[in-house]
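The values are calculated or read from the model by the stated rules, or taken from the named source; none is laboratory data. Since this is a predicted model, take the numbers as computed values, not measurements. Neighbour counts run over all protein chains shown; Cβ positions are idealised from the backbone, glycine included. These area figures cover heavy atoms from the full protein model, side chains too; ligands, DNA and RNA do not enter into them. Shrake-Rupley method; radii C 1.70, N 1.55, O 1.52, S 1.80 Å.
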Amino acid sequence: MVDWPDFVTPGALVVLNDTRVVKARLVGQKAATAGRAELLLVQRCETPDATLGPGERWRAIGKGLGGLRGQKLVFGGGDLIAEVEGPSEVEGLFIVRLTAARCSVSEAIDAHGRVPIPPYIHRPTDAGDVERYQTVYAREPGAIAAPTAGLHLTTALLDRLQQRGVRIAHLTLHVGLGTFQPVAVDDLDRHPMHAEWMQVTPALVDEIAAARARGAPVVAVGTTVVRALEAARDSARPGMVVPFEGETRILIQPGHGFGVVDGLLTNFHLPRSTLLALVAAFAGRERILSAYQKAVQRGYRFYSYGDAMWLPTRAAR
């Protein structure tokens, strides 16, 4: 039997996204009416403002938030309170201030939140989703969706890669709306790309430099890794990256000149998604159309728990 590790060049550097999905879905009540209230926490506001009182401020989405400005939402019987402050600077997102009664806000979210499994999975969240909807190497909490290409990798498979002389390194990109928001415009340049927090460490910078020195390819597991590496590319040194910590809104589409990533393991993506645009940019439009045609003919699975494709080389420009 031939598995993916058998196709990866010995000596290659495989880069993984170690983000961890948090329990970002909150279901509770409106304090004023006891009606159902639901929030999806998208992104913590990094800059605290002491004038706004205690707690944490988050960008969030939820039904009817526009009509709830100034109102409080109650979760966990009052252990966690969200006050809707109003629209954020990001279109479609609102600012909510979270306070906890008996512990930290992070602990209250973990205690009363739910893993936001994909909406096309029509069942309630269960306890198993906390680990099932994670990669085996997830360690940095902050994502609202899993980097799904990594769901194919097991500890045994990663061990096989290393046994073949493949180096493994990590970066972090907290998957948010920027990754999976559908494209609703005909011109991708007009697509509002939401910011996502990412980090490329000095250790990864050194790993990529070492891969270049030994003539080895840099392989991304997932489109989020591609976006992070391309966002951190070193304009002064082709093929290299620089340390980076902060937000990225990079949108990769056909015409993008790749500077870092040489190979890509990725899931099959849905039409009208920025993910499909990225893959078409990497491998070439005609090559991807042919691959997707075969995938549909053979009944391959799409969506988060679907099948993957291996693109060992990028298209020539």
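Figures for the structure shown
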{"read-out": "Distant-in-sequence amide H partners of residue 168 (H built 1.01 Å from N, under 5 Å)", "value": "14"}
{"read-out": "Gain on full stretching of the segment that runs from residue 307 to residue 104 - 0.36 nm per residue minus C-alpha separation", "value": "69.2 nm"}
{"read-out": "Relative contact order computed over the stretch 93-179 (Cα-Cα under 8 Å; 6+ residues apart), in percent", "value": "23 percent"}
{"read-out": "Amide H partners (placed H, <5 Å) of residue 241, local residues excluded", "value": "234"}
{"read-out": "Residue-by-residue Karplus 3J(HN,Hα) for the stretch 297-312, coefficients 6.51, -1.76, 1.60, Hz, glycine and proline x", "value": "4, 8, x, 5, 8, 9, 6, 4, 9, x, 7, 10, 10, 10, 10, x"}
{"read-out": "Candidate lysines for bridging to residue 72, where Cα separation is under 22 Å - those fewer than 8 sequence places away on the same chain excluded", "value": "23, 30, 63"}
{"read-out": "Burial order of peptide ranges 168-176, 153-161 (average beta-carbon count within 10 Å, highest first)", "value": "168-176, 153-161"}
{"read-out": "Full-extension gain in nm, residue 131 to residue 85, via 0.36 nm per residue minus C-alpha separation", "value": "13.3 nm"}
{"read-out": "Rounded FRET efficiency, nearest 0.05, which uses the C-beta distance separating residue 270 from residue 4 and R0 of 22 Å", "value": "0.45"}
{"read-out": "Chain lengthening between residue 234 and residue 120 when straightened (0.36 nm per residue, less Cα-Cα)", "value": "37.2 nm"}
{"read-out": "Quarter of Cα convex hull surface for the chain, i.e. mean projection, nm²", "value": "18.2 nm²"}
{"read-out": "Accessible-area composition of the chain, carbon plus sulfur, in percent [1.4 Å probe]", "value": "52 percent"}
{"read-out": "Per-peptide average of other Cβ atoms within 10 Å, ordering 263-274, 225-236 highest first", "value": "225-236, 263-274"}
{"read-out": "Per-residue ³J(HN,Hα) for the stretch 280-290, Karplus 6.51 cos²θ - 1.76 cosθ + 1.60, θ = phi - 60°, Hz, x for Gly and Pro", "value": "5, 5, 6, 9, x, 4, 5, 4, 6, 4, 5"}
{"read-out": "Spatially proximal aspartates and glutamates relative to residue 294 (Cα-Cα < 20 Å; intrachain offsets below 8 disregarded)", "value": "3, 286, 307"}
